[in-house]
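These notes concern the structure reproduced below.
Every number here is computed from the coordinates shown, using simple stated rules; none is lab data. Note that the structure is predicted; figures quoted are calculated from it, not measured. Note that we place each Cβ from the backbone using ideal geometry, even for glycine, and neighbour counts take in every protein chain shown.
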Protein chains: 2
Amino acid sequence: MSFKLTILGSSGALPAYGRFPTSQHLAYLNHNFLIDCGEGTQLQLARFNISIHKISHIFISHLHGDHYLGLTGLLFSMHLQRRESDLHIYSFKGLDEILLAQLKHAKSVLHFNIIFHTLTEGKQETILDAETFSVDTIPLDHKIKTSGFLFREKNKSLNLDKSKLKPGISPEQIAMLKKGLDVLDEHGNILLKNSEFTMAPKVPLSYAYCSDTQPHEAISAQIKGVDLLYHEATFMEEESAKARETKHSTAAEAGRTAKQGKVKKLVIGHFSARYKDLGPVLTEARNIFPETYLAIEGDSFEITN
Amino acid sequence: MSFKLTILGSSGALPAYGRFPTSQHLAYLNHNFLIDCGEGTQLQLARFNISIHKISHIFISHLHGDHYLGLTGLLFSMHLQRRESDLHIYSFKGLDEILLAQLKHAKSVLHFNIIFHTLTEGKQETILDAETFSVDTIPLDHKIKTSGFLFREKNKSLNLDKSKLKPGISPEQIAMLKKGLDVLDEHGNILLKNSEFTMAPKVPLSYAYCSDTQPHEAISAQIKGVDLLYHEATFMEEESAKARETKHSTAAEAGRTAKQGKVKKLVIGHFSARYKDLGPVLTEARNIFPETYLAIEGDSFEITN
């Protein structure tokens, strides 16, 4: 299995140097998620050949324009292309008011249903609980109510060692083996010993998205050990006063959060327009957490198990 | 004098092939106007090195998303870059409601004033009356209330033939000559004969913007003889049924409107995503009105007198 994360926008509030406002696409199995949707997201999706029709769930972290202003245009494009399947949108309250006003003045009735899920401020909660994965909110610490998102595979059943399987083992017996059970005969004797037929399941994958936020103790606990962490790094340490004033993080702080959380890999983004060259921003984070990478439009990060 | 029009977006409602939704920048003297503001307009302004700070007036034709969804992002960027000067926005009612909802949920108070001017449906009116130019609305015929805009230089005073001026002619006498008057001496005799010192004024420049609309008799009358007409050409004739259904125009219809209006030059845009190659669209319009050009992102059209 794999999560494939594609960066659509890496810019902070003020877009610069061709960088787009925040948006990411996350693919897992046949699921396609959009995380934040800054202005121009639909153009970026087209540029990187990602179909807008497959997107089933959109997660909006907060209602600063650079995180959602591309949403209405995307919805209208889905509508014009005759989308009919439901679309789930997760956001704090307010986005619904804005969307409804926009639809009303355009006199538009969309061809598809939007199912609007309202996030709760400051409270970690499971907002999507599917068969193979779940999505939890990560309460963040920003100027307005803001939430990150934690995508996690669920614990898997045991892997069968197919080389050991012989003809005559029934589907029911295989299901028992996958659950970790021995298969017994009618007298209670072991017919198929579980440990001979199975291998340990793969460790579930996890991806945590944290933007926008200043460092916040609770984040490190919640993201503990994730395979991939995206954390905003709007500023460098020399601008730490500005980072506090605007409730953002520095690259070093993103690195420290990753280190404390013992994550496997860190991607930083939401770069201030003051940084044309992102090399020093990356270096600052890598000095603390070497496995750090820059969010660059079009770059993908794939995690597999 | 000159009007310089720069195309920022040429696409119809569904952006495709790297074409952006509708937006244009118009420069005249030290004035900078923005006409419509589709998603990504601020990115296009940056790409074509047009300062967002100089823009003083924004004209929004109607409240379909592809004509205004870039506005809020642009306003936030002006705010983040500490704009303080007033910004005039002309639009039908509804845009104010949308902007206020967005500002409320972002908990943002802009550093500058927005002066919101409400357009009147179906009525031609002068919405901006400055010393050297005026802007009138052009009522259009679309699915929701929509207005084009007519930018016109005002009639100019006579041009002085500077080679004829001699020392001793006072500023007051020059002013009289410019007004078309002869200068008389105390006895009522002609001292300076106007026709000897002046040349006819240059013909005032004019630019008409018409998007979105189906052909509409009143448009031709109002745009009569303009130097430059932008007219939407969403479809080609083979899709004329679709054009009627969606209240848009074909390229041939745009050409006919230009021909009837005896305009000097026509620019067509708002192209449907079904046309990757715009060559045939241009040919269709040119067959009726040869002085037709395609709106292409980054292209400028300069008219001078």
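Simple point charges give the picture: +1 on the Cβ of Lys and Arg, -1 on the Cβ of Asp and Glu, and for segment B:159-199 a dipole about the Cα centre of about 220 debye. Once Rg and the Kirkwood radius are both taken over the C-alpha atoms of segment B:23-134, their ratio Rg/Rh works out to 0.94. Note: segment A:173-223, Cα convex hull, 111 Å³ per residue. Chain B residue nearest the rotation axis toward A, with distance: B:Gly40, 2 (Cβ to axis, whole Å). Mean projection of the Cα convex hull over all viewing directions, computed for segment A:187-305: 10.4 nm². Out of every Cα pair in segment A:159-199, what percent are spaced more than 15 Å from each other? Percent of Cα pairs beyond 15 Å in segment A:159-199: 31. The value obtained for segment B:193-260, namely the Cα convex hull volume divided by the number of residues, is 83 Å³ per residue.
Among DSSP beta bridges whose residues both lie in the protein assembly as shown, state the antiparallel percentage, nearest 5. Of those bridges, close to 55 percent are antiparallel.
Modelled this way, with points 7 Å down the Cα-to-C-beta line, the labels at A:His187 and B:Glu186 are 14.6 nm from one another. The separation of segment B:135-195 from segment A:175-205, counted between C-alpha centres, amounts to 97 Å. Relative to the longest principal Cα axis of chain B, at what angle does helix B:251-260 sit, 0 to 90 degrees, rounded to 10? On a 0 to 90 degree scale, this one is about 20. Distances, shortest first, from the label point of B:Pro204 to those at the same position in the other copies read 7.1 nm; the point lies 7 Å along Cα to C-beta.
Per-residue ellipticity at 222 nm from helix content only, as computed over the protein assembly as shown with -39500 (n - 2.57) for each DSSP H run of at least four residues, stands at -6500 deg cm²/dmol. Exposure proxy ranking for A:Tyr275, B:Tyr68, based on other Cβ atoms within 10 angstrom of each Cβ and starting from the fewest, stands as A:Tyr275, B:Tyr68. Restriction of the GluC sites (Glu not before Pro) in segment B:48-123 to DSSP coil positions whose beta-carbon has at most 16 other beta-carbons within 10 angstrom yields B:Glu84, B:Glu121. Plugging the Kirkwood radius over Cα pairs into Stokes-Einstein for chain B, at a temperature of 20 °C and a viscosity of 1.002 mPa s, what D comes out in µm²/s? Translational diffusion coefficient: 103 µm²/s.
Pick from B:Leu165, B:Leu128, B:Leu150 the residue whose mean-square fluctuation is largest in a GNM of chain B, springs joining Cα atoms under 10 Å. It is B:Leu165. Note on segment A:141-256: semi-axes of the ellipsoid equivalent to its C-alpha gyration tensor, largest first and rounded to whole Å, are 51, 12, 10. Distance between the pseudo-spin-label points of B:Lys162 and A:Ala200 (7 Å out from Cα toward the beta carbon): 8.8 nm. With both labels modelled 7 Å from their Cα along Cα-to-Cβ, the A:Lys143 to A:Lys224 distance reads 3.4 nm. Shortest first, A:Lys143 label-point distances to identical copies amount to 3.6 nm, with the label point at 7 Å from Cα along Cα→Cβ.
Largest GNM mean-square fluctuation across A:Ile169, A:Ile288, A:Ile219, computed for chain A with C-alpha springs under 10 Å, falls on A:Ile169.
For A:Leu26, what charge total do you get from the other residues with a beta carbon under 13 Å from its beta carbon, if Lys and Arg give +1 and Asp and Glu give -1? Summing Lys and Arg as +1 and Asp and Glu as -1 gives -1. Look at the dipole of chain B built from charges on Cβ: of B:Gln173, B:Leu95, B:Gln124, the Cα furthest out on the positive end belongs to B:Gln173. Here B:Thr126 and A:Glu125 are evaluated by their C-beta separation; at R0 = 56 Å the FRET efficiency comes out at 0.50. Residue by residue along B:45-53, Cβ atoms of other protein chains within 10 Å of the local Cβ number 1 on average. For segment A:3-120, the share of DSSP beta bridges that are antiparallel, to the nearest 5, is 50%.
Only bridges whose two residues both fall in chain B count here: according to DSSP, what percent of them are antiparallel, nearest 5? Here the antiparallel bridges make up roughly 55 percent for chain B. Please give the Cα centre distance for segment B:1-51 versus segment A:216-285, rounded to the nearest Å. Result: 35 Å between the Cα centres. Distances, shortest first, from the label point of B:Phe116 to those at the same position in the other copies read 1.9 nm; the point lies 7 Å along Cα to C-beta. With viscosity 1.306 mPa s and temperature 10 °C, the Kirkwood radius over alpha carbon pairs of the protein assembly as shown converts through Stokes-Einstein to a diffusion coefficient of 58 µm²/s.
Compared with the rule-of-thumb size 2.2 N^0.38 Å for a compact globular protein, segment A:60-185 has a Cα radius of gyration ratio of 1.60.
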